[in-house]
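Chemist: Let me begin by handing over the structure; questions about it come next.
Just so it is clear, none of the values below were taken in a lab; they were calculated from the coordinates. Since this is a predicted model, take the numbers as computed values, not measurements. When we count neighbours, we look across all protein chains shown, and the Cβ atoms used for this are built from the backbone with ideal geometry, even at glycine.
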Amino acid sequence: MTTAALVARGATQRFGLRASLSRNRRWALIASYVFLVIFAIFFLIPPYYMVVTALKSDAEVARMATNPWIIADGLTLDQFKILLTQTDFLIFFKNTIIVTVAVVAITMVVSVLAAFSLGRMKFWGSSILATGIFLTYLVPDTLLFIPLFQIVKAVGLLNSYWGMILVYPTLTVPFCTWIMIGYFQSIPKELDEAALIDGAGHMQMLTKIFIPVALPGIIAAMIFAFTVSWAAFVYPMAFLYSADQQVLTVGTVTSLIRGDVYKWGMLMAGALVAAAPPLVIYAFLMDYYIAGLTAGATKG
Amino acid sequence: MADTVQTWSPALQGVGLHPSAGQNLRLFMRRRSTTAFLMCLPLILIVGCLVVYPAFYSIYLSMLNKTQTHFIGLGNFTFLLSRDVFVMVIEQTAIFALCAVFFKALVGLITAHLINNLPAKGQRKWRGMLLVPWVIPLALSSLGWWWLFDPTHSAFNYILESLGFEDVQWLGQPYWARFSVILVNVWYGAPFFLIMYLAALKSVPEQLYEAAMIDGANAWQKFRHITLPMMRNIIAITVLFSLIVTFANFDIVQIMTAGGPRNMTHVFATYAFMLGIRSGDLPLGAATSLFMFPILGIAAIFILRGVRKRGREIG
């Protein structure tokens, strides 16, 4: 067989292979879309149903004959009106904002300082401490809420949202420190050497170099602290019991339910409004958060 | 340009400057570790006072009687283990956590692959859509699920009825209730696996797949011999981590069933809450939640090993 013939045969074979590959790819793509749509339906059923219920009138929610998945009587914002005017919902909202802002601020100051120190400066025992911080992140709140109940009671903050500002950092600080250590360690050493030669102190180094360079990590940590504080449920459930101190998660689930007749339309409206801030933040900053989160777990 | 370099270099290399710079550096190093420790102090205080101390305090608390006046050793633990309800709680926690984590991992793996198959442009949109369950605070989405399962107005039963099936008492019948709380947990936790796997899939070098394709490997072989080995570590870390979180889960069961019917859906956290906070027996509640500790400890050791190994691999 001549070389020319060999080349020609190779070419036709390759062409056939490529054609079948692209056909396979197209089928794989169509199958992917079909299954993704099925999973998307599963994932989006609850939020969809919450929206539908919140936009119905009470009469339609209570009527059992009609299809619950659609709005038959027309949209109404009555449920939101009732929620905002006749319940303690706005108090819960205010309390949650106060607690969340305070916890995010505390978390960021504590964990950025600690991460800078553990990731960059090193002192006796610092690597053990870094491992220890990671381990404390793995201690769940449901293991700690009973002893913390005693501690919160002892400092006189039971049934006060200030108690939440005290205990929520246990949920946020370890992980935020952990991902910030990773970000700070990834900054080249030459940068701090240059800063030292220019006569910068540690604080200047942190504020002028590390914080600006590690900004994506700081944003990821802030989103994490925000999400966790906003969604926390165990601690307020155990430590708060009067409506004027309550936060959104527990308030929506417990206080809005009165008597035997559940006002499902209003409850769903409350759940949606309460879930809106995290949803909005994710819509805009999802990429930062995912990058920070996966980096924390993969780079470690 | 040349001028600036000339005015610069004498200052740096000047003989007179050397000793004082060295002294400064030594002083700087000594001060440095003090400063470093001070910067860590707030963290040490928070973790020490609010995590480490309570953890040990919890062990002490679990050995007291209900009014916290007498030391009763392991009395609370033996009392718990002697009760059928608690044995069932252990069983249910194990079923709940293992089933939920398995299906979360499976759904996460499948969806991550599906998204990875798509053209790069569409991936972000789909990922965002499938992440929604994980973004809504769990307490609030559990409330939504509760409403979906509501016995008189159940939206699921409406569909079942219109398809000619019988109604299901989603939260009223014990085994359906167990199924329901697991389903909600899978729904909530699968997106976390999805993003972890998706990140891991992106880090598998494309050449490996190309090489396999030339060797004529089919999709399953590629998955079995390339994807799985490359992702083994990240899968292990994610599964162990999810195991901890799921074993310690509270929101779903507390909101949807509060442990009922007939205590069949209680997990450690909700049972500890019922005993410790609702009935006011803090020591017994502390003992209940301490049953989580061995499982968490073992998982934590393996996670730490995995994370360290992963760290070395990446450099």
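Chemist: As a check on your grasp of the helix formula, calculate [θ] at 222 nm for chain B: sum -39500 (n - 2.57) over DSSP H runs of n ≥ 4, divide by the residue count, round to the nearest 500.
Modeler: On the way: 17 runs with 232 residues, N = 315.
Helix contribution divided over all residues of chain B: -23500 deg cm²/dmol.
Chemist: Sticking with this one: Select from A:VAL247, A:VAL52, A:VAL109 the residue whose mean-square fluctuation is largest in a Gaussian network model of chain A (Cα-Cα springs shorter than 10 Å).
Modeler: A:VAL109
Chemist: Return one quarter of the surface area of the convex hull spanned by the alpha-carbon atoms of the range B:180-264, equal to its mean projected area, in nm². Please report the intermediate quantities before stating the final value.
Modeler: Details: hull surface 27.0 nm².
About 6.8 nm², averaged over all directions.
Chemist: Lysines within cross-link reach of A:LYS122: Cα-Cα under 21 Å, excluding same-chain residues under 8 positions apart?
Modeler: A:LYS189, A:LYS208, A:LYS299
Chemist: Tell me the angle of helix B:293-314 to the major Cα principal axis of chain B, expressed in degrees between 0 and 90 and rounded to the nearest ten.
Modeler: 40 degrees
Chemist: From the Cα trace of the range B:216-268, what convex hull volume per residue do you get, rounded to a whole Å³?
Modeler: Numbers: hull volume 5.5 nm³, N = 53.
That works out to 104 Å³ per residue.
Chemist: Ratio of alpha-carbon Rg to the 2.2 N^0.38 Å globular estimate for the range A:166-241, to two decimals, please.
Modeler: The range A:166-241 yields a ratio of 1.45.
Chemist: Sticking with this structure for a sec: Of A:GLY251, B:ALA94, A:ILE209, which is farthest towards the positive pole of the protein assembly as shown's charge dipole, taken about the Cα centre with +1 and -1 on the beta-carbons of Lys, Arg and Asp, Glu respectively?
Modeler: Of the options given, the answer is A:ILE209.
Chemist: Over the whole of B:243-255, what's the average partner chain Cβ count within 10 Å per residue? Rounded to a whole number, please. Display every interim value, and only then the final one.
Modeler: Numbers: counts 0, 4, 3, 1, 3, 8, 3, 8, 8, 1, 0, 4, 6.
For this peptide, the per-residue mean of nearby foreign Cβ atoms is 4.
Chemist: Which shape class applies to the protein assembly as shown: rounded if a/c is under 1.5, otherwise prolate when a/b exceeds b/c and oblate if not, where a ≥ b ≥ c are the square roots of the Cα gyration tensor eigenvalues? Walk me through the intermediate numbers first.
Modeler: Values: a/c = 1.76, a/b = 1.13, b/c = 1.55.
Cα axes put the protein assembly as shown in the oblate bin.
Chemist: Can you give me the angle between helix B:18-47 and the longest principal axis of chain B, using Cα atoms only, in degrees from 0 to 90, rounded to the nearest 10?
Modeler: Between the helix axis and the principal axis of chain B, the angle is about 10 degrees.
Chemist: Another question, if that's okay. Tell me which DSSP H helices of chain A clear both cut-offs, 20 Å or more of axial length from alpha-carbon atoms and a mean Kyte-Doolittle hydropathy of at least 0.0.
Modeler: Values: long enough: A:3-54 (74 Å, 0.90); A:89-116 (40 Å, 2.32); A:169-185 (23 Å, 0.92); A:215-231 (24 Å, 1.87); A:264-298 (42 Å, 1.33).
Once both thresholds are applied, what remains is A:3-54, A:89-116, A:169-185, A:215-231, A:264-298.
Chemist: How well do other chains shield peptide A:229-241, expressed as the mean number of their Cβ atoms within 10 Å of each residue Cβ?
Modeler: Values: counts 0, 1, 8, 3, 10, 8, 0, 1, 7, 7, 1, 0, 1.
Going residue by residue through A:229-241 and averaging, the value is 4.
Chemist: Average partner chain C-beta neighbours within 10 Å, per residue of B:57-67? Spell out each step's value before the answer.
Modeler: On the way: counts 6, 7, 1, 1, 4, 2, 0, 0, 0, 0, 0.
Mean number of neighbouring Cβ atoms from other chains: 2.
Chemist: Taking chain B as the reference, fit the longest principal axis to its C-alpha atoms, fit the long axis of helix B:84-117 to the helix C-alpha atoms, and give the angle between the two in degrees, 0 to 90, nearest 10.
Modeler: It works out to around 60 degrees.
Chemist: Students often forget the sequence filter, so: which lysines lie under 30 Å Cα-Cα from A:LYS94 once same-chain residues fewer than 8 apart are removed?
Modeler: Answer for A:LYS94, where 30 Å is the Cα cut-off: A:LYS56, A:LYS81, A:LYS153, A:LYS263, listed by chain and number.
Chemist: Can I ask one more? So what is the relative contact order of chain B, in percent, for Cα pairs below 8 Å that sit 6 or more residues apart?
Modeler: Numbers: 298 pairs, mean separation 78.4, N = 315.
This gives 25 percent for chain B.
Chemist: Would you mind computing, in nm to one decimal, how far apart the modelled labels at A:ALA59 and A:LEU215 are, each placed 7 Å from Cα along Cα→Cβ?
Modeler: 5.5 nm
Chemist: Still on this model: Among the aspartates and glutamates, which have Cα under 19 Å from the Cα of B:LYS66 when same-chain residues fewer than 8 positions away are ignored?
Modeler: B:ASP281
Chemist: Something else now. Using only the alpha-carbon atoms of the range B:67-126 as identical scatterers, what base-10 log of I(q)/I(0) does the Debye formula give at q = 0.14, 0.16, 0.20 Å⁻¹?
Modeler: Here the Debye-derived log intensity ratios amount to -0.63, -0.70, -0.85.
Chemist: Based on C-alpha coordinates, I'd like the Rg and Dmax of chain B, in Å.
Modeler: 27.6, 95
Chemist: Give me the dipole magnitude in Debye, nearest 20, for the range B:75-314 about the Cα centre, with unit charges on the beta carbon: positive for Lys and Arg, negative for Asp and Glu.
Modeler: On the way: 18 positive and 12 negative charges, 206 e Å.
Computed charge dipole of the range B:75-314: roughly 980 debye.
Chemist: Alpha carbons only, please: Rg and Dmax for the range A:87-298, in angstrom.
Modeler: Rg, Dmax (Cα atoms, Å): 19.6, 71.
Chemist: How far apart, in nm, are two points set 7 Å out from the Cα along the Cα-to-Cβ line at B:ALA217 and at B:PHE56?
Modeler: 5.1 nm
Chemist: Could you go through the range B:279-292 in sequence order and give the Karplus-derived ³J(HN,Hα) for each residue, using 6.51 cos²θ - 1.76 cosθ + 1.60 with θ = phi - 60°, rounded to whole Hz, and x for Gly and Pro?
Modeler: Listing the rounded values in order: 8, x, 9, 4, x, 5, x, 4, 4, 4, 6, 5, 5, 6 Hz.
Chemist: Check B:LEU64: other-chain or 5+ apart residues with amide H under 5 Å from its amide H, H built from backbone geometry?
Modeler: Counting only residues 5 or more places away or on other chains, the set is B:ILE72.
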